[in-house]
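The values are calculated or read from the model by the stated rules, or taken from the named source; none is laboratory data. These numbers were taken from a predicted model, which means no experiment stands behind them. Reconstructed Cβ throughout: ideal geometry from the backbone, glycine too, with neighbour counts over all protein chains shown.
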Amino acid sequence: MKKEMVEVQQNAVQNQTAVMIEIGTNLLNQTAEQTRKLTDVEAQVLNQTTRLELQLLEHSLSTNKLEKQILDQTSEINKLQDKNSFLERKVLDMEDKHTEQLQAMREEKDQLQVLVSRQHSVIEELEKQLLSATANNSALQRQQQELTEKVGSLMSMIATSDLKNSFTTKEEQIVFRDCAEVFKSGLTTSGIYALTFPNSTEEIKAYCDMETGGGGWTVIQHREDGSVDFQRTWKEYKAGFGSPSGEYWLGNEFVSRLTNERRYVLKIHLKDWEGSEAYSLYEHFYLSGEELNYRIHLKGLTGTAGKISSISQPGNDFSTKDADNDKCICKCSQMLTGGWWFDACGPSNLNGMYYPQRQNTNKFNGIKWYYWRGSGYSLKATTMMIRPADF
């Protein structure tokens, strides 16, 4: 019986021990699980701490950058404040000077008013003297009128037929064939003069250049602004057209008759749109008569507008829109406009269409002189003038 009780007690102890062991095992397992969770939490806290440290570092760098920008802005503001102070001082100085100038001007105004008041009496005295002088002048004018009448009566008394003949002779001597004769007569100012056709009393107005190369030049063509239409008929080119004070053509008939009287030189002066100038000088120039279509004859070229003549050689007949005398199956005067000595529409035409600046390139029918500015360049101004070779 005792033995059974002992066994019962031992079984009970064993059961309790097993329960205790199981409880202990459960506690260990729970402890391990808690430890693992704590470890995970610790890792998360560590990661969060590291991230916060990085953000703190970034904020620190941004703060440093902002502090530097603030310092720079503060420095700039100080500079602007210094400049503003300088300008304020300068404005104050200018205000002081302006005040002084206003004061000086007021004083000067007062002085001028005093002078004006003083001069008023002087002006009144001068007006009185002027009235007196006017009265005296009227008397002198009456005396002058009487003397003029007496001189007129004396002139009428001494006007005999011999004197009239001598006056007529003097009037007949005042006849100019060209501008060279005008120049040699003592009229050396450039301008418009009346010239007389050779062996005729018919007159024509021409512009005389009394300055270029010693003067005495009769201008036979001039272009400068496109104000005159040069697409004219044969009759118009024969007689001449335009105004000698501007653009004009003197007339083929006059030039032909003049240049067959004696030997003349021809100078052609050219201007482009870029400010350059050039010329061609022919030592001998004349035009045939109308029966030979005013054919041009040229010899001896010099100058700066090309070593080769831009007027085709030998000379060609003159052509207009209603008189085709060129050497082309086409009608050059109608194609290129203007009257000229065309060959096969040739390298020159100073009577072509006038084109303004920036519209003057690649123009087949413009004012061209091939051996200076090429075939498609239309010139700004041209002048053709003649003078006796022995001037």
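G306 is checked against (1) on the phi < 0 side of the Ramachandran plot; (2) in a loop (DSSP other than H, G, I, E, B) and fails just one. What number does that condition carry?
(1)
Out of the residues in the stretch 273-295 that are assigned to a loop (DSSP other than H, G, I, E, B) and touching a strand residue (DSSP E or B) at 6+ places or on another chain (Cβ under 8 Å), state the one that is surrounded by the most Cβ atoms within 10 Å (Cβ to Cβ).
Y294
Residue by residue, here is whether (1) out of contact with any Pro (no Cβ under 6 Å at 6 or more places or on another chain); (2) of a type in the set (S, T, N, Q); (3) over 25 Å from S245 (Cα atoms) holds:
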{"position": "T302", "(1), (2), (3)": "yes, yes, yes"}
{"position": "P314", "(1), (2), (3)": "yes, no, yes"}
{"position": "T320", "(1), (2), (3)": "yes, yes, no"}
{"position": "T337", "(1), (2), (3)": "yes, yes, no"}
{"position": "N351", "(1), (2), (3)": "yes, yes, no"}
{"position": "Y354", "(1), (2), (3)": "yes, no, no"}
{"position": "Q359", "(1), (2), (3)": "yes, yes, yes"}
{"position": "G366", "(1), (2), (3)": "yes, no, no"}
{"position": "W372", "(1), (2), (3)": "yes, no, yes"}
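Take the residues of the stretch 343-369 that are at pLDDT 95 or above and closer than 22 Å to S256 by Cα: which is surrounded by the fewest Cβ atoms within 10 Å (Cβ to Cβ)?
L350
Check S245 against each of (1) in contact (Cβ under 8 Å) with a residue 60 or more places away in the chain; (2) hydroxyl-bearing (S, T, Y); (3) surrounded by fewer than 20 Cβ atoms within 10 Å (Cβ to Cβ) and name the one condition it does not meet.
Single failed check for S245: (1).
Condition test on T218, is it crowded, with 16+ Cβ neighbours inside 10 Å, under 14 Å from M384 (Cα atoms) and touching a helix residue (DSSP H, G or I) at 6+ places or on another chain (Cβ under 8 Å)?
Judged against the criteria, T218 is a match.
Against the conditions (1) in contact with a Lys or Arg (Cβ under 8 Å, 6 or more places away or on another chain); (2) at pLDDT below 95, where does Q313 fall short? Just the number, please.
(1)
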